[in-house]
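Here is the structure we will look at.
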Amino acid sequence: MGTYRISQLAECAGVPATTLRFYEKEGLLPAARTASGYRQYTDSDRERVQFITAAKHLGLPLDQIRELLTVWDGGRCRSVRDELQLLITAQSAAAGERIDDLRAFRGRLAAALTHLRELPANDGPCDPACSLPTDVPLLRRRAMVAIPATAEQHERPPIACSLDGSAYGDRIEEWRRLLDGAEVERLPDGGRAARLPAERAAALAQLIVAEQQCCPFFSFRLTFAGAHIELVAHAPGGAEPLVAGLFDQDPSAAGETCPS
């Protein structure tokens, strides 16, 4: 049976070390300790992480994954299969409802665009005819780009990154490049605020969209302030290390490889 340190398991399982620490904190991945106090894992732990990752990719929340692991620990594959079938059936039904909601929302956006395109090019003040339809959200007065939460986010998605080891490293490098020279501030709730040149706004917005595809529990806000933009990033309680991973250097995965 192979043994792994946390950075080795992170590489083999294709998740960042911060995710493994979070799993341990949430009671999903108990970790043995060496005499020196280092975390030590086995092949069974590697399979456990792979199971958690698979369940997370199905959109299952942490409380359901925790219950599934209890069934998994019972050692009966049939029981795991039966429980998964129930959960996935519920997920499929919920996904259908979200699709309907998104289609309706897209229809409201299309109506708003049609209304705006039909307005005359009036150089005078706006009048009541300029108003957006009442069922379309109004824009904030400040020059702010809010990256909207997905439907999955409203259901408290799992706090874990879906990128594998190499892709995660590439993503961190993208953040390093765009945040190079930025003024970064740690917020009281563990989030981060950064101030950087406005010309990076488009690239940063694209990166935020990509980040929420793999880490939908993050929330971001971009505010334009003259020649600069202000980026604020938050995550749910307990996920502060993952926020820090975007803004601060995390050396935990350096220098070790996956045991053969």
* Structure fact -> The whole-number value in µm²/s of the Stokes-Einstein translational diffusion coefficient for region 42-94, with Rh from the Kirkwood sum over alpha carbon pairs at 25 °C and 0.890 mPa s, is 216
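What do you get for Rg/Rh over region 1-138 if you use C-alpha atoms and the Kirkwood form of Rh? Please list the in-between numbers first.
Values: Rg = 24.8 Å, Rh = 19.2 Å.
Reported Rg/Rh (Cα atoms, Kirkwood Rh): 1.29.
Read-outs throughout are calculated quantities, based only on the coordinates presented, and are distinct from any laboratory measurement. Keep in mind that what you see is a predicted model, and the values were worked out from it rather than measured.
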